[in-house]
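The values are calculated or read from the model by the stated rules, or taken from the named source; none is laboratory data. None of the values given here were measured: they were computed from a predicted structure. Cβ atoms come from the backbone with ideal geometry, glycine included; neighbour counts cover every protein chain shown.
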Ligand SMILES: Cc1cc2nc3c(=O)[nH]c(=O)nc-3n(C[C@H](O)[C@H](O)[C@H](O)COP(=O)(O)OP(=O)(O)OC[C@H]3O[C@@H](n4cnc5c(N)ncnc54)[C@H](O)[C@@H]3O)c2cc1C
């Protein structure tokens, strides 16, 4: 239903020239790439021409085809169902996730998103719901060698699903692989059919439709994942009138994750805007350049107000600059940095 509305809106706009926001839909030529092929081809275009290119392309192939090819990260539910059929009964609880104990999920599929990031699709009984509320993450566990006393040494890391919270039979994690990362190297070597122990959900922001008139977001790299949960919840609900704007910071255009999905959402939903900033631009890049500054935030975020909430997620360097990181006990910690300087109050900022 929500998808149908988005498709209709996309189709309605397909024959028109898109309104060009200052950075909205900050354009790369990868605009037309599917979400699973987001490598930079070195010839990005302006936001304005990206909008026109999409309109023209939509007119040719039909907005539905375009939307579905851009929006979906992985669309092979049969693969998930097939993997789920092989799962032992103890891996298929009534809701797939269990907040109290780790459950083994079978890896159904892995797709490359860019040069260092993959989407991992895990399967569960297609009759079951995942049991996730927006916005939540889950924790993963893997054995990493043995302790001196011979007992297993476990590593535990949180990740944020990017699949719809009500998707039956599968969930997707988008994960950046670090060459020396303990968990991510473990994940990098997983093959379809292998299992991963997962516990959750771990509730973060309890999102309610229309809880705020405006939601601003500042994300760096894989800090996009919790933002996607909230963005998807808003744009898939026709009753939700929240205005959302995302300032998305990355090192290079090639590092931007799911750009074609973000651009498609911004195209189809006037209440969602995305502003890209890269610290190392490639030739022809027409989006934001340099680091996130107060000027960038002033342009990309709603002004401080009781009707406004700003969500922040990213690597510690970004968090420190924008809002201050969370406290060691994982509470919100003190609000410092640019958001404080710009007049936002602690109640108007949420750190994932
Ligand atoms: C609530 C929450 C949700 C998260 N959701 C996601 C998600 O959806 N997708 C995702 O990819 N990650 C997510 N993360 C980060 C994730 O939990 C891990 O920290 C990350 O995958 C690295 O784990 P690792 O064991 O591979 O690296 P570690 O073994 O912890 O680190 C080893 C080395 O890897 C490198 N490294 C690790 N993390 C970083 C970093 N952030 N920046 C630069 N270098 C680093 C460093 O060289 C480091 O010394 C989330 C974190 C939190 C707190």
Conditions (1) in contact with a strand residue (DSSP E or B) (Cβ under 9 Å, 6 or more places away or on another chain); (2) within 16 Å of the ligand (Cβ to nearest atom) -> residue 265 fails only (2)
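Per-residue answers, yes or no, for (1) surrounded by 22 or more Cβ atoms within 10 Å (Cβ to Cβ); (2) away from the ligand (no atom under 16 Å from the Cβ):
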{"residue": "189", "(1), (2)": "no, no"}
{"residue": "198", "(1), (2)": "yes, no"}
{"residue": "209", "(1), (2)": "no, yes"}
{"residue": "218", "(1), (2)": "yes, no"}
Can you tell me which condition residue 131 does not meet? The list is (1) outside the structural domain of residue 300 (by TED's automatic domain parsing); (2) in contact with a strand residue (DSSP E or B) (Cβ under 6 Å, 6 or more places away or on another chain); (3) modelled with pLDDT of 95 or more, and all the others hold.
(3)
Considering each residue of the stretch 145-173, count those that are out of contact with any helix residue (DSSP H, G or I) (no Cβ under 6 Å at 6 or more places or on another chain) and not in a loop (DSSP other than H, G, I, E, B), and give that number.
12
So residue 171 passes all but one of these: (1) in contact (Cβ under 8 Å) with a residue 12 or more places away in the chain; (2) within 9 Å of the ligand (Cβ to nearest atom). Which condition number does it fail?
(2)
Failed item, numbered, when residue 157 is tested on (1) surrounded by 15 or more Cβ atoms within 10 Å (Cβ to Cβ); (2) within 15 Å of the ligand (Cβ to nearest atom); (3) under 19 Å from residue 261 (Cα atoms)
(3)
Being surrounded by fewer than 16 Cβ atoms within 10 Å (Cβ to Cβ) and over 28 Å from residue 240 (Cα atoms), is that true of even one residue in the stretch 268-279?
yes
Quick check, is residue 248 closer than 28 Å to residue 342 by Cα and within 13 Å of the chain's Cα centre (by Cα)?
yes
